[in-house]
1. Considering only DSSP beta bridges with both partners in the chain, what is the antiparallel share in %, to the nearest 5?
2. Beyond 22 Å between alpha-carbons counts as too far, so tell me which of 122/184; 124/147; 8/168; 122/147 fall in that bin.
3. Gap in Å between the Cα centre of the stretch 281-356 and the Cα centre of the stretch 56-117?
4. What FRET efficiency comes out for residue 217 versus residue 94 if R0 is 35 angstrom and r is the Cβ-Cβ distance? Round to the nearest 0.05.
5. Can you tell me the relative contact order of the chain? Whole percent, Cα pairs under 8 Å, sequence separation 6 or more.
6. Check residue 81: other-chain or 5+ apart residues with amide H under 5 Å from its amide H, H built from backbone geometry?
7. For the stretch 62-199, what is the relative contact order in percent, using Cα pairs closer than 8 Å and at least 6 residues apart in sequence?
8. State the extension gain, in nm to one decimal, for the chain segment bounded by residue 267 and residue 334, taking 0.36 nm per residue of separation less the distance between their alpha-carbons.
Amino acid sequence: MIPCNDSKRLFNRYKDEFEQAALDVLRSGWYVLGNNVQEFEKEFAESIGSKFCVGVDNGTNAIKLGIQALGIGPGDEVIVQANTYIATVLGITANGAAPIFVEPNEFFNMDENEIESKITEKTKAIIVTHLYGQATKMDKIISLCGKYNLYLLEDCAQAHYAEFKGKKVGTFGDFGFFSFYPTKNIGAFGDAGAIVTNNEELYKKVMMLRNYGSSVRYHFELENGSNSRLDEIQAALLRVKIKHAKEITNEKITIANKYLKGIKNDLIKLPRVDKDCGSVWHLFVLEVDDREGFMNHMLSCGVKTDIHYPIPPHLSKCYEKLNYHAGDFLKTEYLANHVVDLPIFNGMTDEEIELVIKAVNSYGK
Ligand SMILES: *Cc1c(COP(=O)(O)O)cnc(C)c1O
């Protein structure tokens, strides 16, 4: 059976480097906020093209702390795409602000033409999610943020090193948020995340917020600080991944290109990439009318498939009190019922890729 993901394969490729990095930390006796976190922050910021980076404990808290640092809270609204992962929305509501949903375009990203009508006096920020690895078309979103004086935030949890017009995502606005959950394109060996920014003042603020609201030991300055630190072992392991980021990223792009070239089936809608928007193919997402039938067919061919995501945030139980209903966001709800993703992971063999293509092409035949 071909799995949807297999983190062990990439581990095995750079096994010696990972084991050495972890062992060095274990033997150093220094496990929290040490040299590895500092070096990771420098190296990741540089690799993204951002001035500053703060390592944090996961992607959800990266979003939460970033929004907190901007002073966004109760009574404020944040515009977010309706078909994003729940964590983007949790980062907004954890601060007491209200999510205002916008439908996606045909590339699964925020539809730039749907935003302006959602802006009100209460709107404080727009957060785009570069979903499935594809960069969002940023021009119009940037100009709307300028016109209405809104913060621009990017959820880059699925799009490490993706580029819009040659510039990496995470560098367009006030904050870029990253997750290094093990199955993300750049994954840690546990939970980890990061916030990047070009703004020194905001950088200093999130540095404090992740560490009890303090920058000088036992001087607690910021309200509602938390412990959201990245740990030394994850930072050391991530430094190995950053070193090999180009190969890791290109390998997934190569698999996606093989799928795009090899899959030919009228019952399947292939993912498209917008002009100027690069994709690093975190996920390879198809649309199909009879999703259950397709997934069963794939299983019978020895291929696992997965769904990201079957229930959109506005219909999730946790947001019942926001009072949204089925039918409020038709495009998003259509996608929730019809998207399905194929296996795409580092270390996939050519035979496996071929088998997946054959299985998709034989669906309905
Ligand atoms: C994974 C993910 C997150 C959350 O990251 P964690 O590290 O799992 O907390 C946020 N947004 C998106 C789009 C994600 O895919």
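1. Numbers: 26 of 44 bridges.
Roughly 60 percent of the DSSP beta bridges within the chain come out antiparallel.
2. Working: 122/184 33 Å; 124/147 12 Å; 8/168 28 Å; 122/147 15 Å.
The answer is 122/184; 8/168.
3. Here the two parts' Cα centres lie 21 Å apart.
4. Numbers: r = 27 Å, r/R0 = 0.77.
That pair, residue 217 with residue 94, gives E of 0.85.
5. Values: 744 pairs, mean separation 79.9, N = 365.
Relative contact order, the chain: 22 percent.
6. Here the answer is 102, 129, since their amide H atoms fall under 5 Å of that of residue 81.
7. That works out to 20 percent.
8. That works out to 22.5 nm of additional length.
Read-outs: derived from the displayed coordinates by stated rules, not from any lab. None of these values were measured; they are calculated from a predicted model. Because the Cβ atoms are built from the backbone with ideal geometry, glycine has one as well, and the counts that use them run over all protein chains shown.
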